[in-house]
Every structure is written in C-alpha cells, then in structure tokens.
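The values are calculated or read from the model by the stated rules, or taken from the named source; none is laboratory data. Everything numeric in this text was worked out from a predicted model, so none of it was measured. Here the Cβ is made from the backbone with ideal geometry for all residues, glycine too, and neighbour counts use every protein chain on show.
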C-alpha cells in the first residue's frame with residue numbers, strides 16, 4: 001500500500017511541485033494551504049507523513065505541529081518542517097515541540113525525498129516493534145486503548161458543560177464527527193453522549209453521597225439544566241430518587 005504524504009504549504013506553486021516530485025517516487029499526496037485545512041484532512045484521511053511550511057496564514061506550521069503532537073492519536077505521524085528561517089532558536093523551538101525533521105528552503109528535491117523515505121522506513125520499523133511487543137507484554141497500550149484513555153480524560157474535563165457539541169469533541173480528536181461517532185460506538189457500544197451522560201450521573205452520585213451540596217447545586221455542577229430533570233434522570237439510572245440518600249445540612 002502506498003504511503004500518503006500531506007503537503008501543507010500556502011504557496012500553490014511550491015505545493016504543487018512537491019506533490020509532483022513525490023508522486024514520481026510512488027507516494028500518494030494530499031494538499032492543504034494552511035494548518036486549518038490540514039486538520040480537516042486529518043479528520044477524514046489516513047496520513048503517513050506531513051511536510052509543512054512554517055509561515056502560513058490562519059494556522060502556521062508551528063501551531064499545526066503543536067496540535068498534532070498534543071494528541072495521542074496523531075503524535076506518531078512523522079512531521080517535517082520546511083522554512084526559510086535559519087535562526088537556530090526557531091529550529092530548536094520546532095524540535096522541542098516534536099518536529100521529526102527540519103529542512104531549510106531552498107532545498108533539493110532529492111534531499112526532501114530521501115528524508116521522507118527515511119522517516120517512513122523508521123516509522124514502519126517502530127510500528128513493527130510495537131506490534132510484536134503488543135503480544136509479549138500487557139504494558140503496551142493499543143491505539144484503541146490510547147483513544148479511550150484520552151476520551152475519558154476529555155470527558156472528565158468537559159462533562160459539566162451542558163452545551164458541549166459533537167463538533168467540539170471531534171475537533172479535539174482531529175476527526176470528523178461521523179468517524180468519531182462510529183469509532184466510539186465500535187469500541188464501547190454506546191454513543192459518545194451516552195458516555196458523557198453516564199459520567200455526569202456518576203459524578204453527581206458521588207456528590208449526593210457526600211451530602212455537602214444541595215440537589216440544585218449538584219445538578220448545576222454536573223451539567224443538568226435543572227434539578228427536576230436531574231432527579232428524573234438520576235432515578236431512571238440508579239432506580240431511586242437522589243433524596244433517598246441525601247440529607248440536607
């Protein structure tokens with residue numbers, strides 16, 4: 001299967017030239033004019049390597065790099081930064097954020113190709129080692145487990161937001177809303193909002209048992225629009241009213 005390389009560059013001529021050169025070497029290519037377009041493609045396409053310019057409108061290469069390396073789902077994608085900037089401090093900043101390689105403009109087509117080839121070979125080698133390790137140790141987490149862990153962390157930070165939208169969750173995971181829903185359903189058998197709703201009820205239940213806050217305060221903290229709605233849903237889930245285990249101080 002051909003590797004797919006995403007070229008993120010605001011200059012259409014440079015972008016097209018890089019794509020043509022890599023296509024001649026047998027790679028599939030995708031194009032984006034800035035970091036925002038790149039994130040949209042990453043939500044729906046399988047990308048094996050990213051080549052990105054540094055200076056771009058809307059979202060530059062450094063911000064794109066930061067977003068990708070901040071997520072467990074995309075941090076393993078090799079990232080080559082292109083720039084006309086030769087300042088050592090800038091190069092160090094990019095490498096500290098997780099750039100896998102750094103290439104100054106102007107560059108030779110052969111040099112870029114060889115850097116891509118080496119990064120992809122290194123990535124395949126790493127994935128092979130991880131795959132073998134997966135069957136020899138229980139410590140290594142699979143991609144699915146990484147995703148569920150990150151989803152749990154995200155929900156723990158946002159479960160109280162009653163206005164949380166699917167598009168916001170999808171943006172965090174750099175996925176399309178449809179792909180996100182299918183992926184969560186496949187892994188858990190539940191919709192993402194069913195999981196969030198359960199988390200709200202479980203957190204609310206903990207507070208009910210602590211008996212330190214009123215029912216209306218607990219409802220508000222956990223993202224329920226009012227205490228009546230919270231009480232009704234609590235009873236449906238736990239089989240009893242929260243007042244049964246709640247004593248107002």
*Output the residues belonging to region 153-187 that are closer than 19 Å to residue 203 by Cβ, loosely packed, with under 12 Cβ neighbours inside 10 Å and free of Cβ contacts under 8 Å to residues at least 24 places away in the same chain.*
153, 157, 163
*Looking at this structure, is residue 212 surrounded by fewer than 18 Cβ atoms within 10 Å (Cβ to Cβ), outside any helix (DSSP H, G or I) and over 22 Å from the mean Cα position of the chain (by Cα)?*
yes
*Taking region 165-198, which residues are within 27 Å of residue 66 (Cα to Cα) and either outside any helix (DSSP H, G or I) or outside the structural domain of residue 149 (by TED's automatic domain parsing) (or both)?*
165, 173, 174, 175, 176
*asked:* Within region 218-231, does at least one residue satisfy the condition of being assigned to a loop (DSSP other than H, G, I, E, B), in the same structural domain as residue 151 (by TED's automatic domain parsing) and farther than 22 Å from residue 161 by Cβ?
replied: no
*For residues in region 93-147 being more than 26 Å from the chain's Cα centre (by Cα) and more than 18 Å from residue 5 (Cβ to Cβ), which is modelled with the lowest pLDDT?*
136
